[in-house]
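Participant: What follows is a structure written as structure tokens; I'll ask about it next.
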Amino acid sequence: MEADVVVVGLGVGGEEVANRLASAGRDVIGIEAELTGGECPYWGCIPSKMMVRAAELLAEGRRIPGMAGTSVVTPDWAPVARRIRDEATDSWNDTVAVQRFVGNGGRFVRGWARVTGPGTVEVNGERCTARRALVLSTGQRAFVPPAFEAVAHWTNREAVEAETLPESLLIIGGGAIGLEIGQAMSRFGTHVTVVELGERLLAPEEPEASELITEVLRREGMEIHTGARIERVEPYGATGATVHLDGGPDLSADRMLVATGRRSDLATLGVGALGLDEAARGIPVDGNMRVMPGVWAVGDVTGHGGFTHLSMYQARICTADILGLPHFEADYRALPHVTFTDPEIGSVGLTEAAARQDGGGVTVYHASVAASARGFIHRAEGFVKLVARDGVLVGATSMCPYGGEVLGLLTLAVHARVAVDTLRSMIFAYPTFHRAVDAALWPPSNAANMAGA
């Protein structure tokens with residue numbers, strides 16, 4: 001087989017590249033072993049947020065007493081599982097996505113591809129050659145440490161596919177995936193225990209975010225163990241597991257979810273044929289997504305972050321570069337991400353610790369969402385934290401209801417290198433959650449001085 005462009009991996013990024021190039025009239029072969037569209041539409045962003053949304057409705061119903069009357073909330077997982085199966089994933093069938101690509105003029109191949117040279121791969125025992133561009137977009141998979149492989153366990157995929165919920169769930173890993181799934185299932189009645197090796201949940205976030213989400217989850221009935229050392233793991237019942245902690249309790253549950261991160265398998269992809277390190281965290285790319293002449297890479301496999309929005313961003317740069325169109329180069333300074341717990345945690349740019357490590361005059365601004373008018377109305381918890389260096393915003397966290405939406409303003413500010421004084425001069429709509437940004441910049445104790453300045 002031969003084509004102008006060969007795209008290996010039709011996840012979010014690869015599918016975007018393949019469809020755009022095919023629509024532009026290029027002869028494109030797209031190769032995918034699993035489901036076209038990748039993790040996001042079938043197991044990640046879309047179905048997991050359906051779980052989160054359903055659990056959020058239960059939580060809102062339980063908040064009615066004292067604010068709007070009385071309520072009796074009866075959880076039922078069946079409509080959630082049905083919606084994920086019928087509306088989001090077509091029962092984990094990618095026919096529609098494949099037909100869209102073929103309808104755009106692409107040629108689809110189902111199979112595992114292995115790179116054999118700068119412009120060639122082997123798939124299903126057949127050689128496939130790219131005349132113009134080879135694009136690698138094979139994403140990442142859930143990483144299961146060897147100690148857990150021999151014991152029955154879920155990854156995020158099995159958790160999302162669950163048609164019924166277990167009575168108890170043991171989550172290994174206190175990152176975004178584990179906490180989103182854990183809080184959702186807890187609100188549906190599952191007893192959830194989280195075991196985190198590190199000293200706090202959501203280690204990449206600001207310490208204040210870790211502290212508050214830990215408090216919230218414990219208040220909702222989840223059991224949280226941080227700084228945990230696991231001695232061994234054993235089967236428990238037909239489907240569960242028991243984890244023995246060093247110096248701590250033995251923890252058993254009907255199901256165990258291993259959420260210990262994700263990794264790219266560069267060895268199976270065969271990037272050694274390109275002279276690349278197959279043990280590396282990702283495939284190195286320049287600002288145009290080029291790996292080397294004739295080879296590009298996009299998405300999680302580049303090691304810049306496992307986010308759908310990042311894959312789409314890189315895909316558009318890659319497409320323009322292959323087509324020879326004017327385009328910007330990749331800039332990751334303002335890469336946003338959101339953890340869809342309740343409250344949501346939106347973050348962009350540098351944390352306070354990272355900013356201080358990089359040097360320069362660092363100033364931190366902080367405001368409680370609970371003290372804001374909208375926070376008071378909602379009885380909401382959270383905060384806004386702004387990190388500035390030499391008077392320019394370089395990082396921010398918005399932890400509150402709809403924290404990911406508040407993040408949009410802050411992402412723009414970090415991306416555009418907006419000065420703190422410019423943000424101070426803005427008018428923020430009242431009463432909104434993003435008024436907490438204004439409150440952080442105008443603390444009452446310094447308001448007179450700042451107004452005079």
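The values are calculated or read from the model by the stated rules, or taken from the named source; none is laboratory data. Quick caveat: nothing in here was measured; it's all calculated off a predicted structure. As a convention, Cβ positions derive from the backbone with ideal geometry for all residues, glycine included, and neighbour counts pool all protein chains shown. Note: areas computed on protein heavy atoms with side chains; ligands, DNA, RNA excluded. Shrake-Rupley method; radii C 1.70, N 1.55, O 1.52, S 1.80 Å.
Participant: If you find the alpha carbon centre of the stretch 208-222 and of the stretch 382-402, how far apart are they in angstrom?
Facilitator: 20 Å
Participant: With the full set of protein chains in place, find how many percent of the accessible area of the stretch 141-276 is carbon and sulfur; take the probe as 1.4 Å. Working shown, then result.
Facilitator: Working: 2820 of 5800 Å².
With neighbouring chains kept in place, the figure for the stretch 141-276 is 49 percent.
Participant: Ok, one more. Could you tell me whether the stretch 318-412 comes out rounded, prolate or oblate from its Cα gyration tensor? Rule is a ≥ b ≥ c as square roots of the eigenvalues, rounded for a/c under 1.5, then prolate if a/b exceeds b/c, otherwise oblate. Each step should come with its number before you reach the end.
Facilitator: Numbers: a/c = 3.01, a/b = 1.52, b/c = 1.98.
Oblate is the answer for the stretch 318-412, as a/c is 1.5 or above yet b/c matches or exceeds a/b.
Participant: Next question. Place +1 on the Cβ of every Lys and Arg and -1 on the Cβ of every Asp and Glu in the stretch 203-272, take the dipole about the Cα centre, and give the residue among 266, 224, 247 whose Cα lies farthest towards its positive end.
Facilitator: Value computed over the given set: 266.
Participant: So for the pair residue 147, residue 265, with labels modelled 7 Å out along Cα→Cβ, what separation do we get in nm?
Facilitator: Output for this residue pair reads 2.3 nm.
Participant: Can I ask one more? Decide, for the chain, between rounded, prolate and oblate: order the square roots of the alpha carbon gyration tensor eigenvalues as a ≥ b ≥ c, take rounded if a/c falls under 1.5, and otherwise choose prolate if a/b is larger than b/c, else oblate. Walk me through the intermediate numbers first.
Facilitator: Values: a/c = 1.80, a/b = 1.23, b/c = 1.46.
Verdict is oblate for the chain.
Participant: Additional query: Sorted by accessible area with a 1.4 angstrom probe, largest first, how do 304, 225 fall? Can you show the working numbers first?
Facilitator: On the way: 304 70, 225 35 Å².
Largest to smallest exposure gives the sequence 304, 225.
Participant: In whole percent, how big is the carbon plus sulfur part of the accessible area of the stretch 5-93, probe 1.4 Å, protein atoms only?
Facilitator: Here carbon and sulfur together make up 51 percent of the probe-accessible area.
Participant: Given the protein chains as shown and a 1.4 Å probe, how many square angstrom of residue 426 are accessible, to the nearest 10?
Facilitator: Using a 1.4 Å probe on the heavy atoms, I get roughly 80 Å².
Participant: Ranked from highest to lowest mean number of other Cβ atoms within 10 Å per residue, what is the order of the peptides 338-349, 412-423, 82-93? Numbers along the way, then the final one.
Facilitator: Details: 338-349: 23.6, 412-423: 16.7, 82-93: 14.9.
Taking the mean over residues of other Cβ atoms within 10 Å, the ranking is 338-349, 412-423, 82-93.
Participant: For the stretch 41-52, take each phi angle, set θ = phi - 60°, evaluate the Karplus expression 6.51 cos²θ - 1.76 cosθ + 1.60, and give the result in whole Hz per residue in order, putting x for glycine and proline.
Facilitator: In residue order, the calculated couplings are x, 9, 9, x, 3, 6, x, 5, 6, 5, 4, 4 Hz.
Participant: A follow-up question, please. Leaving out ligands, DNA and RNA, and with a 1.4 Å probe, what % of the accessible surface on the stretch 350-453 is carbon or sulfur?
Facilitator: Details: 2860 of 5150 Å².
That share works out to 56 percent.
Participant: To continue, here is another question. Determine how large the accessible area of residue 49 is when every protein chain is in place; take a 1.4 Å probe and give Å² rounded to the nearest 10.
Facilitator: Counting only protein heavy atoms, the figure is 60 Å².
Participant: Let me ask something else about it. With just the Cα atoms defining each centre, how far is the stretch 17-53 from the stretch 328-377? Give it in Å.
Facilitator: 29 Å
Participant: Provide the per residue accessible area, probe 1.4 Å, for the stretch 72-113, rounded to a whole number of square angstrom. Intermediate results must be reported in sequence, preceding the final value.
Facilitator: Numbers: 2510 Å² over 42 residues.
Counting only protein heavy atoms, the per-residue value for the stretch 72-113 is 60 Å².
Participant: So how far, in whole Å, is the C-alpha centre of the stretch 234-281 from the one of the stretch 132-177?
Facilitator: Result: 8 Å between the Cα centres.
Participant: Let me ask something else. Rounded to the nearest 10 Å², what accessible area does residue 409 show when all protein chains are kept and the probe is 1.4 Å?
Facilitator: 50 Å²
Participant: Ok, one more. Taking the Cα centre of the chain as origin, sum charge times position over the Cβ atoms of Lys and Arg (+1) and Asp and Glu (-1), and report the length of that vector in debye to the nearest 20.
Facilitator: 880 debye
Participant: Another question, then. Distance in nm between label sites at residue 197 and residue 363, each 7 Å beyond Cα in the beta-carbon direction?
Facilitator: Reported label-point gap for residue 197 and residue 363 is 4.0 nm.
Participant: On to the next question. How would you classify the stretch 203-285 from its alpha-carbon gyration tensor, with a ≥ b ≥ c the square roots of the eigenvalues: rounded for a/c under 1.5, else prolate if a/b is greater than b/c, otherwise oblate? Can you show the working numbers first?
Facilitator: Numbers: a/c = 2.93, a/b = 1.60, b/c = 1.83.
Cα axes put the stretch 203-285 in the oblate bin.
Participant: Using label points projected 7 Å from each Cα along Cα→Cβ, tell me how many nm separate residue 59 and residue 167, to one decimal.
Facilitator: Modelled inter-label distance: 2.7 nm.
Participant: Here's another thing I want to ask about it. Please work out how much length the chain gains when fully extended from residue 424 to residue 409, using 0.36 nm per residue of separation minus the C-alpha to C-alpha distance, in nm with one decimal. Mind showing how you got there, number by number?
Facilitator: Details: separation 15, 0.36 × 15 = 5.40 nm, distance 1.32 nm.
Once the chain is fully extended between residue 424 and residue 409, it gains 4.1 nm.
Participant: Can you give me the accessible area per residue for the stretch 199-350, using a 1.4 Å probe, in Å²? Kindly include the intermediate steps, with their values, before the conclusion.
Facilitator: Working: 6700 Å² over 152 residues.
Accessible surface, normalised per residue, equals 44 Å².
Participant: I've got another one for you. For the chain, what is the calculated [θ] at 222 nm in deg cm²/dmol (nearest 500), taking -39500 (n - 2.57) for each run of four or more DSSP H residues and dividing by its residue count?
Facilitator: Numbers: 17 runs with 148 residues, N = 453.
Value at 222 nm, helices only, nearest 500: -9000 deg cm²/dmol.
Participant: Mind ranking 249-256, 357-364 by how tightly packed they are, going by the mean number of other C-beta atoms within 10 angstrom, highest first?
Facilitator: Details: 249-256: 19.9, 357-364: 12.5.
Descending packing order for the listed peptides: 249-256, 357-364.
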